[in-house]
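None of the figures in this text is laboratory data; all of them are computed from the coordinates on show. Computed from a predicted model, the values in this text were never measured in an experiment. Glycine gets a Cβ as well: all are built from the backbone with ideal geometry, and neighbour counts include every protein chain shown.
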Amino acid sequence: MAEQLTDLTLQQRLAQVTGQVAAACAAAGRSPDEIALVAVSKTHPADTVLEAVAAGQIDFGENRPEDAVDKIAAVNDRLPPDARPRWHMIGHIQSRKARLVVARYHLVHSVDSVKLADKLSRLAVDEECVQDILLEMNVSGEAAKSGWNAVTWEDKRALRESLWDDIRSILALPGLRVRGLMTMAPIVVDPEEVRPTFVALRRLRDALRGDFLDADWSALSMGMSDDFPVAVDEGATILRIGRAIFGPRLVR
């Protein structure tokens, strides 16, 4: 797979992924307009991002706030305001680095605690902005995954009540706008093995939509290079795809 990717130009890889997303949408009876494709540009330099922008890519994902600051500035400085990409923070955010996130990103996917949400809220108020966020849910049960424990929310009343209390608190914070949920699926050989993870996130989103009627639960960020067709089939609205677009990740 890596050799096949390196044989293609970035523009060809992007076109290939876009076509595969369209095919997945057609198979699921959905429109490609329902899907935002986030090209995960972590470890790749500003010049590569600019090449992708020139090929028509709009959304880019970074996972380390401290690494992305200079890259975002370098890309934005070389483009007119109306041609600049939309940046997404998809990685874990340490509280002490939250200042590097607020007002820099179109969407923050990885809000995984009330503590972090509170910090982002205070910073957004200071910046006089509204920061769009997603709440990261661990619905697979993997210990290494970040996010709220939401594996057994349907079976354990206490867990559900605790989760609902946290979400209620976040929805009340100024300066933040919750747009939906995000999850990280397990890495598996057969993409069908992660379908239950995507189903679980969608079911959780539907339950929250029913109980928190005034909030926006439209976004489901799930699906990466190896499993995005399954994610599309299960209702993903945001795909985070890196290797299939940029080729093998560069070593830091």
What residues from segment 211-247 fall in the zone where the backbone N is under 18 Å from a label point 7 Å along the Cα-to-C-beta line of Ala22? 229, 232-233, 239, 245
What list of ³J(HN,Hα) couplings, whole Hz, do you get for segment 183-191 from phi and the Karplus terms 6.51, -1.76, 1.60, once you set θ to phi - 60° and write x for glycine and proline? 8, 10, 7, x, 8, 9, 7, 9, x
Counting only residues 5 or more apart in sequence or on a different chain, those whose built amide H sits under 5 Å from that of Leu176 are Gln131
I need two numbers for segment 1-102: Rg to one decimal and Dmax as a whole number, Cα atoms only, in Å. 15.1, 44
Note, Leu100: beta-carbon cut-off 15 Å, +1 each Lys/Arg, -1 each Asp/Glu, net +3
For Arg96 and Asp47, what does the FRET efficiency come to when R0 = 41 Å and r is the distance between their Cβ atoms, rounded to the nearest 0.05? 0.85
Residues of type aspartates and glutamates that Lys42 reaches as a straight line, Cα spacing below 14 Å, ignoring anything fewer than 8 places off in the same chain: Asp59, Glu62, Glu66, Asp67, Asp70
Can you tell me which lysines have their Cα less than 16 Å from the Cα of Lys119? Leave out same-chain residues fewer than eight positions away. Lys97
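What does the extension gain come out to for Arg78 and Trp164, with contour length at 0.36 nm per residue minus their alpha carbon separation?
Numbers: separation 86, 0.36 × 86 = 30.96 nm, distance 4.36 nm.
Roughly 26.6 nm would be gained on extension.
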Among rounded, prolate and oblate, which fits the chain when a ≥ b ≥ c are the square roots of the eigenvalues of its C-alpha gyration tensor, a/c under 1.5 means rounded, and a/b larger than b/c means prolate? oblate
Long-range amide H contacts for Arg86: which residues qualify at under 5 Å (H placed 1.01 Å from N, peptide plane, sequence gap of 5 or more or a different chain)? Asp59, Phe60
Which of the aspartates and glutamates could be linked to Lys115 by a straight reach, that is with a Cα gap under 19 Å, when you skip same-chain ones fewer than 8 residues away? Asp126, Glu127, Asp132, Glu136, Glu161, Asp165, Asp166
Based on the Cβ-Cβ distance of Ser31 and Arg203, what FRET efficiency does E = 1/(1 + (r/R0)^6) give at R0 = 25 Å, to the nearest 0.05? 0.65
Taking the Cα centre of the chain as origin, work out the dipole magnitude from +1 charges on Lys and Arg Cβ and -1 charges on Asp and Glu Cβ, in debye rounded to 20. 500 debye
Contact order normalised by length for segment 1-116, with contacts defined as Cα pairs under 8 Å and 6 or more residues apart; what percent is it? 20 percent
